[in-house]
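See below for the structure under consideration.
Values in this text are rule-based calculations from the coordinates and carry no lab data. The structure displayed is predicted, hence computed values, not measured ones. Note: ideal-geometry Cβ built from the backbone for every residue, glycine included; neighbour counts use all protein chains shown.
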Amino acid sequence: MKLSTKGRYGLTAMLYLARHADEGPLPLRMMDETGIQPDYLEQLLASLRKAGLVCTSRGAQGGYSLARAPEDITVGDVISATEGPVRFCECDSEDATCSWREHCDARSVWVSLSQKMNDLLDSITLASVLEDLNKEASDA
């Protein structure tokens, strides 16, 4: 399984907003430090806003900000908003159409892996990622 740029850049953008959460809404141009192309970043932020993870405000002081505290947003939230459900195999969804679904000996493995991966992603908050980054920086 490999995340696309949507998931990777979406998390990068969310961590940037979390790191600057106390600065109020950030205009898109202020997020140039992320290295993400502005048009693509705007698309990602629209997906994150639709998922309820990002707020927008208009006007001279407008921009993007987190919709919730960094402690209340998980990596799983971000990945789901940008990539969709994390699955190792299509057969592990309830609406799977695979004709082998009922007879597949490996299905339980895929279901278990998907659940464990989602549990792990849901256990990591933006705040905990920033704490780890700050600790690494202070140890260096």
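Structure values in brief
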| quantity | calculated |
| --- | --- |
| Top positive-direction residue, dipole computed over the chain with Cβ charges, set ALA67, VAL129, SER57 | SER57 |
| Angle between the chain longest axis and helix 126-139 axis [Cα atoms, degrees, rounded to 10] | 70 degrees |
| In nm, spacing of pseudo-spin labels at LYS2 and VAL109 (7 Å Cα→C-beta vector) | 2.1 nm |
| Distance in nm between pseudo-label sites at ARG49 and ASN134 (7 Å out along the Cβ direction from Cα) | 2.9 nm |
| Nearest 10 degrees, 0 to 90: helix 5-19 Cα axis against the chain principal axis | 40 degrees |
| Residue-span extension gain [GLU90 to ALA21] - 0.36 nm each, minus C-alpha spacing | 21.1 nm |
| Neighbour-count ranking [beta-carbon atoms within 10 angstrom, fewest first] of TYR40, TYR64 | TYR40, TYR64 |
| Within the chain, helix-based [θ] at 222 nm, where runs of 4 or more DSSP H residues each add -39,500 (n - 2.57), nearest 500 | -15500 deg cm²/dmol |
| Acute angle (nearest 10 degrees) that the helix 38-50 long axis makes with the longest principal axis of the chain, alpha-carbon atoms | 70 degrees |
| Charged-residue dipole, Cβ positions (Lys, Arg, Asp, Glu), the chain about Cα centre, Debye nearest 20 | 360 debye |
